[in-house]
Amino acid sequence: MNDIEGYLYKYSPSIFKGWQKRYIILKDKKLMYKKTQEQPYPNGVINFDHFRVHLFANSKDPLQFQVKIEGLDREFQFKAENEQTSASWQKSLVAQI
């Protein structure tokens with residue numbers, strides 16, 4: 001089902017604004033993120049069965065992409081270390097949403 005996991009940068013809109021390295025897991029139509037791979041439980045989960053989700057590539061930066069949750073006015077911005085990794089994540093996301 002195009003499961004994938006690894007480190008990406010996630011943009012934080014909170015007090016600690018900016019790009020923060022996070023361990024991301026895409027599995028069984030769920031996108032989970034944690035501070036480290038070793039952390040036992042995720043800091044957040046987006047269940048694609050419960051929300052209508054859209055993926056947007058960044059036209060100015062091929063390393064970045066955005067996941068928007070319809071109806072919640074919530075968006076998550078991610079950035080990969082290289083174009084190949086970004087493309088792999090985007091392909092896997094499209095397959096699961």
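The values are calculated or read from the model by the stated rules, or taken from the named source; none is laboratory data. Fair warning: this is a prediction, and the values are worked out from it, not measured in the lab. Cβ atoms come from the backbone with ideal geometry, glycine included; neighbour counts cover every protein chain shown. Note: areas computed on protein heavy atoms with side chains; ligands, DNA, RNA excluded. Shrake-Rupley method; radii C 1.70, N 1.55, O 1.52, S 1.80 Å.
Legend: residues Y33, Y7, sorted from most to least accessible area (1.4 Å probe; ligands, DNA and RNA excluded), read Y7, Y33. Helical content alone sets the calculated 222 nm signal of the chain at -4500 deg cm²/dmol, taking -39,500 (n - 2.57) per DSSP H segment of four or more residues and averaging over every residue. Note on K21 and D3: the model spin-label points, each 7 Å out from Cα along the C-beta direction, lie 2.5 nm apart. For the chain, relative contact order (Cα pairs under 8 Å, six or more residues apart, normalised by length) works out to 25 percent.
In percent, how large is the relative contact order of region 45-97, given Cα pairs closer than 8 Å and 6 or more residues apart? This gives 32 percent for region 45-97. For E81, project a label point 7 Å along Cα to C-beta. Then give me every residue of region 12-42 with its amide nitrogen under 14 Å of that point. Output list for this probe position: 21-24, 37. Net charge within 11 Å of D3 by Cβ-Cβ distance, Lys/Arg positive one each and Asp/Glu negative one each, not counting D3 itself? Result for the local shell: +1.
Could you tell me the calculated FRET efficiency between S14 and V94, based on Cβ-Cβ distance and R0 = 41 angstrom, to the nearest 0.05? After rounding, the FRET efficiency stands at 0.90. Of the solvent-accessible surface of the chain, computed with a 1.4 Å probe over protein heavy atoms with every protein chain present, carbon and sulfur atoms account for 48 percent. Here the calculated FRET efficiency for K34 and D73, from their Cβ-Cβ distance with R0 = 25 Å, stands at 0.55, rounded to the nearest 0.05.
Pairwise Cα distances in region 1-83 exceed 15 Å in 61 percent of cases. For the chain, the solvent-accessible area with a 1.4 angstrom probe is 65 square angstrom per residue. Within the chain, what's the longest run with no GluC sites (Glu not before Pro) in a DSSP loop and at most 13 other beta-carbon atoms within 10 Å? Give the range, please. Value returned for the longest uninterrupted segment is 1-37.
Please return the longest stretch of the chain lacking exposed loop sites, where trypsin sites (Lys or Arg not before Pro) count only if DSSP places them in a loop and at most 14 other Cβ atoms lie within 10 Å. Between exposed loop sites, the widest span is 61-97.
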